[in-house]
Amino acid sequence: MAPHISGETIRRWIPLLVLLGLVLFFTTLNPHFLSVRNFARIAISATPALMVAVGVTFVILMGSIDLSMEGTIAVAAVVFALILNRLGGSVMGMGCLAIPGALAAGAALGAINGLIHVKLKIPSFMASLSLGFVGVGLALLITGGDRILIADPVFRSLLTVRLGGFPLMTYVALFCLVVAWFIQANTTTGRNFYAIGGGEELARGSGLNVGRLRIIAFVIAGIFYALGAILAVARLGIAETETGRNFMFISITSVVVGGTALAGGSGGVWNTLIGVLIVNVIGNGMVVIGLPDYFQDGMLGLLVISAVYLSMDRRAFSFVK
Amino acid sequence: MFELKNVEKRYPGVHVLKGVDFHINDGEIVGLVGENGAGKSTLMKIIYGAVQPDAGSVLIDGKPLYFRTPRDAMRAGIGMVYQEQSLIPNLTVMENIFLGFEAPFVRMGAINWRKMAQAAQHQLNKVKLDIDPAIITSRLTFAQRQLVELAKVLALEERVEGRLVILLDEPTSVLSRKEIELLFDVVRELRRRASFIFVSHRLDEILALSDRVYVLKDGAIVDVVNSRQAQAESIQKKMVGRDINEQYYREDRQLAYRDDKILLELDRVVCKGRPHEISFKLHAGEVLALVGVEGAGREKILRSIFGMTRPEKGSIRVDGETMRAFSVSNSVAHGVGYIPRERKVEGIAGGMNVYENMTLSQLKGYSTGGVLKLGAEHELAREWIRKLSIKVPSENADCGNLSGGNQQKVVLAKWRSSGSRIIMLDHPTRGLDIGAKEDVYDMVREMSEKGVGVILIADTLEEAIGLSHTIAVVKDGEIKQWFNCQPGSKPSPFDLIRHMV
């Protein structure tokens, strides 16, 4: 019993150790890596991804998968920019309605995704992948392919105003992370996600409405994608179809590298924070030590494979499909 | 000749096989009988190589062998005809017969289908099955598939030297009378090619087909009888006969139930796929045992009560209220709790800790507006850990690492603490050691004292008799016989088994 538990404990802390190891590694190669300026840079690139990854964490905890984030982000970003510019162009006035508008768009797409998955009994992998394409197409339809510029200085202060060296958007993201943690640890919904991931039959046998919970998870995920979209727009000042680009790979990678099991039932949003940081530290560190960026993708690929290898208890599987 | 000598097997906490000696001569048909949990399936798994014995030896013609996998056993001429059919439904019959042994038909990487069809036809002729070997397996009837499975095992004949030993695990359980006769004729005919080990709950069939019968009880062979002289009754007695200790089942704590308070009533309920109506009443403080052989339809009754399947006809009343919706959440809300047989699959969420498992079915009571009251949850868990003396380091321990007995207690605490007044126990002591079993018996008595109604599917007949107030013998989905089981007037296992088989 004893070695089993200690092995489990080590496994739990591996992601954090990897993160610290990476920081140490890049610092020895280039001392400039370890500076507030550089960390702020990492934080800026990490915050939108953090929101998206936190969103998909809930879905993965249930043992499902959501690949619709790129489409959802594109739609939410475009909806946000359109409402903002239509209603005065500033979040200080009526334009602030753009925020709930974008979140509602994210929630609606999440709900559609969940309903398709649950009611039509289509695997979440396929349902969400298809809906992601629909989202990208929808965003293109709305914008006609144009970029929408956001000039509102108040909104852009998320990036431009710094507190203790870090831009405001970092703090917004951390606040949302705490909210996500609260959902995970302190609400019946969060607890039930773990139950579904740990054993769907058991969850059903305990009287849980599994179908409804699945839809709720996709809605929560959609809302977090929209938050990610708003932060991504704040970072660039532009909303367009391309806003969602690359988030699928980055977010899923982050969740897995952070130690949340793809089979569901274990892990959580703190793991995802570590995972997002690992992915972004690698990206940033490669640049800092002067390696070409195509190395990054290779590194990340290897990292995902080792993370899945470490996080799965393969004794439980006779064969992996 | 195939032999097992002094075979031992232990699983954590259970001594499954205690020095079993077994032999079968060439061309012989040997029956193997025993109660559920006597160790039959473990013994079979050792014979066909799926499980390795801790001690003892497997010999063929006096030569010791060691099987690491079923494939090793197949190479030695031992084949298994599975109860749960092992044919792959979307492949053709011939592909199934030669699955994993296609090599003789392959030339330059391509399969010669004509050659394989001919070879398959040859195997099918052995079992007198007249079908096209290229037919898709899922289109066959159940009985035909059984014969294909037998043909698949017989294909070993051409591959191995020496005689075959073929295990038949409950081959007749889903066959009609006529199909059984057909199967038996085939088996008798095949005696010159192979010897057979025949496992069944139906003693009359065992006696009709086999030459000798091994009686297994509590992991030991208690008798080997010659079928010609044997009588079903004496074998039945040996299967169940053991010292029954009143203290063991806490019979001194058995109180009369309250017959004025009906918790649950089934009124002419017809379960899906069964033609018979089932009616019974469960009273406060009553333990009602459903007794029958595996597959007699006991689980279906429990699943209907728990809302997992909708009965085709009839009504189920809980506390006098007729159930309209059939869903698990509805049953749980009406105070029905179900402790299934497969704890690992349906009872305990591994990866969740003790308090999370306990409150899973009652989170509404431990939250306001969807926000959990973690303090109250911890308190509840600590209280029940103390009440049921669950051996855990703390309420934060992962349930997946607990022993079977302690997992059972956590599941029970889950239902009891949520106020369930009707508890259904499906094999609650399966796989537990003696001490843990006695804990479960104590819990059953304690529930009765509190006025909880219990429906029990027991692991053994003695357990059902010892624990229950009332026994219903279920056979083929029908309640055949009722027994009053109050202390002092308990029936004997033999009384029950007459109605079961």
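The values are calculated or read from the model by the stated rules, or taken from the named source; none is laboratory data. Being a predicted model, the structure only gives us computed values, none of them experimental. Cβ placement follows ideal geometry from the backbone for every residue including glycine, while neighbour counts extend to all protein chains displayed.
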Residues in the stretch A:193-204 that are within 7 Å of chain B (Cβ to nearest Cβ) and either buried (at least 23 other Cβ atoms within 10 Å of the Cβ) or in contact (Cβ under 8 Å) with a residue 40 or more places away in the chain (or both): how many? 5
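Could you list, in sequence order, the residues of the stretch B:23-40 that are of a type outside the set (A, V, I, L, M) and either in contact (Cβ under 8 Å) with a residue 60 or more places away in the chain or more than 17 Å from B:ALA73 (Cβ to Cβ) (or both)?
Residues satisfying the conditions are B:ASN25, B:ASP26, B:GLY27, B:GLU28, B:GLY31, B:GLY34, B:GLU35, B:ASN36, B:GLY37, B:GLY39, B:LYS40.
Working only within the stretch A:230-270, note down all residues that are within 14 Å of chain B (Cβ to nearest Cβ) and in contact with a Pro (Cβ under 7 Å, 6 or more places away or on another chain).
A:GLY259
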Could you check how many residues of the stretch A:116-175 are surrounded by 13 or more Cβ atoms within 10 Å (Cβ to Cβ), free of Cβ contacts under 8 Å to residues at least 40 places away in the same chain and under 18 Å from A:GLY228 (Cβ atoms)? 3
Residue set B:LYS387, B:LYS313, B:LYS364; condition surrounded by fewer than 15 Cβ atoms within 10 Å (Cβ to Cβ), more than 7 Å from chain A (Cβ to nearest Cβ) and under 19 Å from A:GLY207 (Cβ atoms); output residue B:LYS364
Condition (residue is within 14 Å of chain B (Cβ to nearest Cβ), surrounded by fewer than 24 Cβ atoms within 10 Å (Cβ to Cβ) and more than 18 Å from the chain's Cα centre (by Cα)) applied to the stretch A:213-221: is it met by at least one residue? yes
When the stretch A:40-59 is examined, which residues are found to be modelled with pLDDT of 95 or more, out of contact with any Gly (no Cβ under 6 Å at 6 or more places or on another chain) and not aliphatic (A, V, I, L, M)? A:THR47, A:GLY55, A:THR57, A:PHE58
Of the residues in the stretch B:192-210, those that are over 18 Å from B:VAL293 (Cβ atoms) and of a type in the set (D, E, K, R) number 2
Based on what the data block shows, is A:THR243 buried (at least 24 other Cβ atoms within 10 Å of the Cβ), in a helix (DSSP H, G or I) and not aromatic (Phe, Trp, Tyr)? yes
Considering every residue within the stretch B:212-232, establish whether at least one is within 14 Å of chain A (Cβ to nearest Cβ), within 24 Å of the chain's Cα centre (by Cα) and among the aliphatic types (A, V, I, L, M). no
All but one of (1) without any contact (Cβ under 8 Å) to a residue 24 or more places away in the chain; (2) within 16 Å of A:VAL219 (Cα to Cα) hold for A:ALA98; state the number of the condition that does not hold. (2)
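With at pLDDT 85 or above, facing chain A (nearest Cβ under 10 Å), buried (at least 19 other Cβ atoms within 10 Å of the Cβ) and part of a loop (DSSP other than H, G, I, E, B) as the only criterion, which of B:GLY350, B:GLY307 stands out?
Answer to the selection: B:GLY307.
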Mind listing whichever residues of the stretch B:148-179 are within 20 Å of B:ASP476 (Cβ to Cβ), in contact (Cβ under 8 Å) with a residue 40 or more places away in the chain and outside any loop (DSSP other than H, G, I, E, B)? B:ASP169
Output the residues belonging to the stretch B:74-96 that are modelled with pLDDT of 90 or more and β-branched (Val, Ile, Thr). B:ILE78, B:THR92, B:VAL93
May I ask you to list the residues in the stretch B:1-60 that are crowded, with 17+ Cβ neighbours inside 10 Å and part of a loop (DSSP other than H, G, I, E, B)? B:GLU28, B:GLU35, B:GLY37, B:ALA38, B:GLY39, B:TYR48, B:GLY49, B:VAL51, B:PRO53
Going by the structure shown, is B:GLU377 free of Cβ contacts under 8 Å to residues at least 24 places away in the same chain, among the acidic types (Asp, Glu) and surrounded by 15 or more Cβ atoms within 10 Å (Cβ to Cβ)? yes
Within the stretch B:405-457, track down each residue that is within 14 Å of chain A (Cβ to nearest Cβ), of a type in the set (Gly, Ala, Ser) and out of contact with any strand residue (DSSP E or B) (no Cβ under 8 Å at 6 or more places or on another chain). B:ALA413, B:SER417, B:GLY419
Pick out the one residue from A:GLY207, A:GLY199 that is of a type outside the set (A, V, I, L, M), over 22 Å from B:THR368 (Cα atoms) and at pLDDT below 90. A:GLY199
Counting only residues that are over 18 Å from B:ASP218 (Cβ atoms), give me the helices (runs of 4 or more DSSP H) lying completely in the stretch B:398-501 with at least 3 of them. B:404-417, B:434-449, B:493-500
Only one of A:THR170, A:THR187, A:THR160, A:THR143 is within 14 Å of another protein chain (Cβ to nearest Cβ), touching a strand residue (DSSP E or B) at 6+ places or on another chain (Cβ under 9 Å) and not small (Gly, Ala, Ser); which? A:THR187
If you scan the stretch B:180-221, which residues turn out to be in contact with a helix residue (DSSP H, G or I) (Cβ under 8 Å, 6 or more places away or on another chain) and in a strand (DSSP E or B)? B:ALA194, B:PHE196, B:ILE197, B:PHE198, B:VAL199, B:VAL213, B:VAL215, B:LEU216, B:LYS217
Failed item in (1) in a strand (DSSP E or B); (2) aliphatic (A, V, I, L, M); (3) modelled with pLDDT under 90, with B:LEU99 passing the rest: (1)
Look through the stretch B:30-73, keep the residues that are on the phi < 0 side of the Ramachandran plot and among the acidic types (Asp, Glu), and return whichever of them is modelled with the lowest pLDDT. B:GLU35
B:VAL454 being crowded, with 20+ Cβ neighbours inside 10 Å, closer than 28 Å to B:SER331 by Cβ and modelled with pLDDT of 90 or more: yes
Here is a list: A:THR272, A:THR253, A:THR260. Which entry is assigned to a helix (DSSP H, G or I), surrounded by 24 or more Cβ atoms within 10 Å (Cβ to Cβ) and either at pLDDT 95 or above or not small (Gly, Ala, Ser) (or both)? A:THR272
Against the condition part of a loop (DSSP other than H, G, I, E, B), surrounded by 15 or more Cβ atoms within 10 Å (Cβ to Cβ) and among the hydrophobic types (A, V, I, L, M, F, W, C), how does B:ILE301 come out, does it pass? no
